[in-house]
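Report on the following structure.
The values are calculated or read from the model by the stated rules, or taken from the named source; none is laboratory data. Being a predicted model, the structure only gives us computed values, none of them experimental. Cβ placement follows ideal geometry from the backbone for every residue including glycine, while neighbour counts extend to all protein chains displayed.
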Amino acid sequence: MKRKVKLICAFLLLACFIMTGCTNKGDEPKKTIKVGTNAEFPPFEYINEQGEVDGFDMAIMKAIGEEKGYEINIVNMEFKSLAASLKTGALDAVAAGMTVTEERKQTVDFSDSYYIAVQSIVLKKDSEIQSIEDLNGKKIAVQEGTTGDFLVTPEDDNEIITDKNTQVKRFKKGADAIVELKNGGVDAVVIDSSPARSFVAANEKDLKYVDVETSEESYAIAVGKGNKELLDDINEGLAAIKEKGIFDELVNQYINGNDNKVRQTSDNPIMQIIYDCKYVFIDTNGYQLLLEGLGVTIGISFAAVCLGIVLGFIIALMKLTETRKKRKTVLSVIANVYINVLRGTPVMVQLLIMYMIVFRSNMAYLAAILTFGINSGAYVAENIRAGIMAVDQGQMEGGRSLGFTYSQTMRYIILPQAIKNAFPALGNEFITLLKETSIVGYVAIRDLTKAADFIISRTYEAFYPLIAIAIIYFILVWGLTKLLAVVERRMRRSDLR
Ligand code: GLN
């Protein structure tokens, strides 16, 4: 007896140990680091349409954070103040397209370099300026405290801009410098090549740019001097995301994607459509996004359908205990609540609750599959229940009088017929589910619909990607309808035998 008690105690202790181990692992708080940037430097950092700081640097910092277990808290401030804020400890790191320079190395430590850039001269379309030397004696706008500023400010050691009459106007934002240029206040803007391309692309009719080939510089992430632990983590994270291909993906998404590719045009409307399609789907890699999205849509739908069927059966049987016992049962009450709650709230709301509250913005795919599976379960349950109710009462009586128990009669006589009855309605449910998954983009999953969304923001073309996904969804549903019809015919045929 004593041994038994000891054994049980040991077992309980072990269980507690394992459970606390598991929960600790899941809840382990991530270290939060404050990452400073200046969101005026597209495509490395900018304010996106949702008003959040977005861009290549933010994306790589988040990817590194994922790798190394850091929560990233982005702080947007003036470029000039970034290095100083590292020093005071107001920031832990800076990701701002910051160039590694000897002067800056005195105050901060730099990670391995992740990008090579040059300086560019942005000019009015009709400008005759061709090189950096031509800027001597001109009016130039720059972003204050940047390498562009250092390149053209006529100091004693500046060998290129030697004319002391050269005027440099310093702006807090690159975009303001561009406005100054468009208004004729300056002759040129000198700024890093990537934002130069972004600005010119957005003002294609008025502006052009020339690269200063000799001004190569490399970007790195900065940390406070001596913060070796964080620096090592950043370098390791950077290496890991490069190795996994995440880095290149982000380059494509943010830097290459924003680079407006040359578009062919034609007076022939048919040729124009062909050129447009080529641009949207091939030149800017739209087809790849669509294929990936298609895989995600099919995967989530399939997993959710399977879960929905299992849950639907269970809930239907729970609800049927009421018919059998001719009174409410605990099981039937639970089933009713389940069905009413899930049918009574929008699936979009359910998805957000599942993702943001239950999963705390983690594991989006699992959250989506569970949401759609659980939601679908409510509808499947009602379909199956209707299918069971449609089976003649005499079937149950017949089964029982043959000596079958209730569950045997259910399993061998009623359910096979019920499934046949419910089949068309179930098919409908699967089709609805496939289309309903088009909202998963809200929890940052790249499904088919989200892929179209991406293509639109890359190409500024809405027509082709939207029509393309409409056609793809249609083909999917059409194929599914055909498949369901074949299965149904098979089932009926076996009926006749
Ligand atoms: N690369 C430039 C520098 O480090 C500009 C960076 C920026 O404006 N965000 O000075």
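Structure notes:
- Filtered residues of the stretch 199-212 (kept if in contact with a strand residue (DSSP E or B) (Cβ under 8 Å, 6 or more places away or on another chain) and either more than 14 Å from the ligand (Cβ to nearest atom) or of a type outside the set (A, V, I, L, M, F, W, C) (or both)): V200, D206, L207, K208, Y209, V210, D211
- Filtering S198, S193, S215 for residues that are touching a Pro at 6+ places or on another chain (Cβ under 9 Å) and of a type in the set (S, T, Y) leaves a single hit, S198.
- Pairing residues of the stretch 32-46 that are under 17 Å from V200 (Cα atoms) and within 10 Å of the ligand (Cβ to nearest atom) with residues that are part of a strand (DSSP E or B) and acidic (D, E), at Cβ distances under 9 Å and at least 6 apart in sequence or on separate chains, gives F41/D192; F44/D192; E45/D54.
- Some residue of the stretch 106-119 being at pLDDT 95 or above and either more than 15 Å from the ligand (Cβ to nearest atom) or charged (D, E, K, R) (or both): yes
- Taking the conditions (1) part of a helix (DSSP H, G or I); (2) within 25 Å of Q408 (Cα to Cα); (3) of a type outside the set (S, T, N, Q) in turn, K328 satisfies each one other than (1).
- Pair list, Cβ under 9 Å, 6 or more apart: the stretch 180-193 residue assigned to a helix (DSSP H, G or I), other residue within 11 Å of the ligand (Cβ to nearest atom) and modelled with pLDDT of 90 or more: S193/A117; S193/V118; S193/Q119
- Count - residues of the stretch 439-471 that are at pLDDT 95 or above, farther than 16 Å from Y279 by Cα and surrounded by fewer than 18 Cβ atoms within 10 Å (Cβ to Cβ): 2
- Contact map, the stretch 144-163: residues that are within 13 Å of F79 (Cβ to Cβ) paired with residues that are within 16 Å of the ligand (Cβ to nearest atom) and not charged (D, E, K, R), Cβ distance under 6 Å, separation 6+ or inter-chain. Pairs shown: G145/F79; T147/T99; G148/Q119; G148/V142; G148/V190; G148/I191; D149/V142.
- Top-ranked residue in the stretch 124-143 [being more than 10 Å from the ligand (Cβ to nearest atom), free of Cβ contacts under 8 Å to residues at least 60 places away in the same chain and not in a loop (DSSP other than H, G, I, E, B); ranked as surrounded by the fewest Cβ atoms within 10 Å (Cβ to Cβ)]: E133
- For the stretch 262-283, taking the residues that are among the charged types (D, E, K, R) and surrounded by 13 or more Cβ atoms within 10 Å (Cβ to Cβ), the one that is modelled with the highest pLDDT is identified as K278.
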